[in-house]
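What follows is a set of notes on a single structure, which appears directly below.
Please treat every number below as a calculation from the coordinates, not as lab data. Everything quoted here is computed from the prediction, not taken from an experiment. Backbone-built Cβ (ideal geometry, glycine too); neighbour counts: all protein chains shown.
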Amino acid sequence: MKERRNIISKGRQEFDRDLGRLEAELILMSGLVEKAIFNALTALKNRDLARSRRVIDEDDSVDEAEVEIEKSCIELIRRQAPMAGDLRRIIASLQVASELERIGDYAEGIAKISITMGNQPPLKELIDIPRMGDMAVNMLKRALEAFISRDASSVRALNVSLEKDDDAVDDLYAKVQADLMALVKSNPDNAERATYLMWVAHNVERVADRAMNIVERARYQATGEVGN
């Protein structure tokens with residue numbers, strides 16, 4: 001009986017180590033996408049096309065990270081047949097990796113828009129869009145911290161806090177759209193460059209939305225609750 005308990009205990013320890021490695025992979029992936037968003041917006045603002053191209057090239061690393069996390073999750077389910085909280089933890093990790101991959105795609109999209117613009121300067125000074133980016137990335141960092149904590153009360157509190165931040169990003173997005181439309185109305189020749197920036201602002205706004213999705217995954221992991 002004692003030997004059986006020891007075997008079970010060792011199995012649990014190994015499982016916990018595997019789960020810890022899975023979370024470490026998520027943290028590394030999150031760092032990649034945070035860097036990608038920062039570099040994409042900085043390259044756009046500075047008209048640094050070489051930096052934009054690097055963002056596009058480095059998106060492969062984000063895609064590869066998602067594939068590796070997916071493999072890890074499938075292997076853990078196959079080998080451990082987890083139940084209840086452990087299964088939620090693995091499924092939620094798989095979902096978070098998917099959200100991070102989509103954020104990486106938004107960064108790549110911004111970089112591609114910047115390259116399409118070529119040497120054209122942005123239609124207006126980039127102030128509000130980088131502010132949106134800073135807010136969205138901060139939301140992402142806090143969302144992932146809540147996910148890693150697995151603390152139900154902290155996750156619920158953060159969900160309320162980030163909803164306010166998401167509203168602030170949406171307000172800035174609306175301001176950017178209004179400002180750009182005003183420029184187009186004043187001079188229809190501005191339409192093309194205005195459209196580029198609207199696409200960029202849309203991608204940044206979606207980063208904030210994905211951060212909110214990660215908080216929802218964190219709540220599911222910590223509590224089993226789904227939806228509002």
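State the number of residues belonging to segment 70-81 that are under 21 Å from residue 216 (Cα atoms) and free of Cβ contacts under 8 Å to residues at least 12 places away in the same chain.
Residues that pass the stated criteria total 0.
Being surrounded by fewer than 17 Cβ atoms within 10 Å (Cβ to Cβ), among the hydrophobic types (A, V, I, L, M, F, W, C) and within 30 Å of residue 195 (Cα to Cα) narrows it down to one residue among 56, 77, 115, 103; which is it? Before you say what the answer is, go through the steps one by one.
Working: 56 fails: surrounded by fewer than 17 Cβ atoms within 10 Å (Cβ to Cβ); 77 fails: within 30 Å of residue 195 (Cα to Cα); 103 fails: surrounded by fewer than 17 Cβ atoms within 10 Å (Cβ to Cβ).
Of 56, 77, 115, 103, the one residue that is surrounded by fewer than 17 Cβ atoms within 10 Å (Cβ to Cβ), among the hydrophobic types (A, V, I, L, M, F, W, C) and within 30 Å of residue 195 (Cα to Cα) is 115.
Just wondering, is there one or more residues in segment 213-225 that are more than 26 Å from residue 158 (Cα to Cα) and either surrounded by fewer than 21 Cβ atoms within 10 Å (Cβ to Cβ) or without any contact (Cβ under 8 Å) to a residue 60 or more places away in the chain (or both)? Quick ask: steps written out before the conclusion?
Step one: filter segment 213-225 for residues more than 26 Å from residue 158 (Cα to Cα), giving none.
Among the residues of segment 213-225, not one is more than 26 Å from residue 158 (Cα to Cα) and either surrounded by fewer than 21 Cβ atoms within 10 Å (Cβ to Cβ) or without any contact (Cβ under 8 Å) to a residue 60 or more places away in the chain (or both), which makes the answer no.
In segment 18-27, what residues are more than 14 Å from residue 90 (Cβ to Cβ) and without any contact (Cβ under 8 Å) to a residue 40 or more places away in the chain?
Of everything in segment 18-27, just one residue is more than 14 Å from residue 90 (Cβ to Cβ) and without any contact (Cβ under 8 Å) to a residue 40 or more places away in the chain, namely 24.
Just name the residue that is nearest to the chain's Cα centre (by Cα) out of those in segment 59-100 that are over 20 Å from residue 144 (Cβ atoms) and of a type outside the set (A, V, I, L, M).
Filtering first and then ranking leaves 60.
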